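Reviewing the structure listed below.
The values are calculated or read from the model by the stated rules, or taken from the named source; none is laboratory data. Remember, predicted model here, so these are calculated numbers, not experimental data. For neighbour counting, all protein chains shown are included, and Cβ atoms are generated from backbone atoms with ideal geometry for every residue, glycine included.
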């Protein structure tokens with residue numbers, strides 16, 4: 001018997017062990033693929049769905065319009081563009097998945113048998129989707145009603161070894177159900193240049209699950225996101241200016257009025273009462289100084305006449321700033337009253353100490369230092385005494401930020417051989433108990449300088465904001 005025409009694809013099969021066998025019908029005249037699938041889920045550590053595939057090597061892009069067939073009570077049924085290392089149920093994979101309720105995300109399992117994670121987008125039920133594999137990175141692009149695809153800002157580094165499987169899949173998300181979707185205008189093409197032009201992706205990560213959400217992306221360099229005290233927006237810097245990004249709907253940044261201060265760096269923060277913004281700016285004479293202004297924008301007030309000074313932490317009572325500064329050829333950590341006045345060096349600090357941030361009870365200042373041989377996380381009492389080493393590992397650790405509930409610290413980890421805190425490195429965001437203990441990797445990403453320089457916890461301590469970068473092309 002002649003093998004049925006599968007269009008662009010080689011074969012189709014059930015992945016895992018769905019209760020009902022999947023189906024596939026290709027209409028050459030219409031150019032459509034109608035795929036039916038059962039399966040409990042395409043998620044967690046193993047998958048169960050129906051897959052239409054072809055075997056590929058190298059860089060490739062797969063695009064399609066996707067429409068679910070009929071109504072369904074299951075909001076999480078999935079239709080996907082999928083790249084997999086193998087046809088095993090626990091294979092490493094990435095997919096561009098649209099759910100029955102419109103949720104759209106880039107899902108991925110980094111290694112065989114690992115837990116699946118995702119990067120969500122704010123765009124719901126896009127008209128068209130594209131998955132692109134370029135080198136070791138998988139990208140997601142989406143289109144609205146006009147059908148014009150644009151980068152979503154969502155990507156993941158996922159190396160595949162040799163040949164891989166690429167295709168279309170449907171999962172019912174219910175072991176006893178059967179769902180169908182129509183894939184039309186399906187194209188296999190060379191990758192585009194648009195996705196690699198995205199320089200900065202502002203994302204949030206949920207600390208319990210490790211799942212991410214892309215909230216904004218741009219071809220420009222942006223840095224150091226921090227959450228408004230009411231959780232409604234994020235602030236970040238870019239090209240010397242400060243921007244506010246509302247989080248409702250599809251986010252668009254708003255330029256904040258900072259008066260004469262137009263050369264801000266990535267050392268900025270919000271007061272405990274949410275009314276003021278502190279920035280570090282070098283407009284005056286090319287050297288960074290610390291200024292205060294209203295959170296809504298306005299004329300900055302100089303706090304540190306001496307320079308250079310780089311703000312890094314605000315005491316929970318709102319009265320004191322802690323910062324890194326260089327004075328007469330020497331460097332270290334200092335405090336100064338928010339109302340202005342004489343600065344005070346913290347006891348026992350040295351030139352390698354950096355990244356100070358207060359604990360939410362005001363008892364501790366967390367910081368990083370290489371006094372033990374390479375850069376590790378430390379803490380000291382707020383008066384500068386009682387230094388304690390918090391991490392003792394092979395990474396170079398920077399920018400420890402305590403969570404608002406006092407339970408956790410998030411910090412940035414560079415590889416052992418990396419000196420300083422440079423940009424454009426393979427880094428990790430790591431989470432550990434605030435009192436010390438084992439640190440776990442929350443996100444592995446291309447980043448570094450600018451990723452989490454500022455305190456970036458959500459007010460409810462459930463998420464962290466950060467910037468992920470693309471390698472310069």
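Quick look at the values:
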quantity	calculated
Among the candidates 132, 203, residue that is outside the structural domain of residue 61 (by TED's automatic domain parsing), part of a strand (DSSP E or B) and within 16 Å of residue 106 (Cβ to Cβ)	203
Which listed residue, of 62, 87, 81, is in contact (Cβ under 8 Å) with a residue 60 or more places away in the chain and surrounded by fewer than 17 Cβ atoms within 10 Å (Cβ to Cβ)	87
Some residue of the range 386-408 being surrounded by 16 or more Cβ atoms within 10 Å (Cβ to Cβ) and either in contact with a helix residue (DSSP H, G or I) (Cβ under 9 Å, 6 or more places away or on another chain) or under 30 Å from residue 193 (Cα atoms) (or both)	no
Residue identified as within 29 Å of residue 36 (Cβ to Cβ) and either in contact (Cβ under 8 Å) with a residue 24 or more places away in the chain or in the same structural domain as residue 52 (by TED's automatic domain parsing) (or both) among 169, 162	169
Where a residue in the range 424-438 is under 22 Å from residue 405 (Cα atoms) and assigned by TED's automatic domain parsing to the domain that holds residue 380 and its partner, wherever it lies, is at pLDDT below 95 and part of a strand (DSSP E or B), with Cβ under 7 Å and at least six apart	none
Filter pass, residue 220 being within 15 Å of the chain's Cα centre (by Cα) and either under 19 Å from residue 108 (Cβ atoms) or surrounded by fewer than 23 Cβ atoms within 10 Å (Cβ to Cβ) (or both)	no
Residue list for the range 140-155, restricted to those being in a loop (DSSP other than H, G, I, E, B) and either in contact with a helix residue (DSSP H, G or I) (Cβ under 9 Å, 6 or more places away or on another chain) or in contact (Cβ under 8 Å) with a residue 40 or more places away in the chain (or both)	147
Candidates 316, 337, 351, 360 - the one that is in the same structural domain as residue 301 (by TED's automatic domain parsing), over 26 Å from the mean Cα position of the chain (by Cα) and either closer than 22 Å to residue 464 by Cα or touching a residue at least 60 places away in the same chain (Cβ under 8 Å) (or both)	316
Residue in the range 180-189 that is at pLDDT 95 or above, out of contact with any helix residue (DSSP H, G or I) (no Cβ under 7 Å at 6 or more places or on another chain) and not in a strand (DSSP E or B) present	no
Any hit, the range 220-239, residues being touching a strand residue (DSSP E or B) at 6+ places or on another chain (Cβ under 7 Å), without any contact (Cβ under 8 Å) to a residue 24 or more places away in the chain, assigned by TED's automatic domain parsing to the domain that holds residue 313 and in a loop (DSSP other than H, G, I, E, B)	yes
Sole residue being surrounded by 16 or more Cβ atoms within 10 Å (Cβ to Cβ), in contact (Cβ under 8 Å) with a residue 24 or more places away in the chain and under 15 Å from residue 290 (Cα atoms), chosen from 346, 306, 321	321
Selection from the range 190-200 of residues that are surrounded by fewer than 16 Cβ atoms within 10 Å (Cβ to Cβ) and either under 14 Å from the mean Cα position of the chain (by Cα) or not in a loop (DSSP other than H, G, I, E, B) (or both)	197
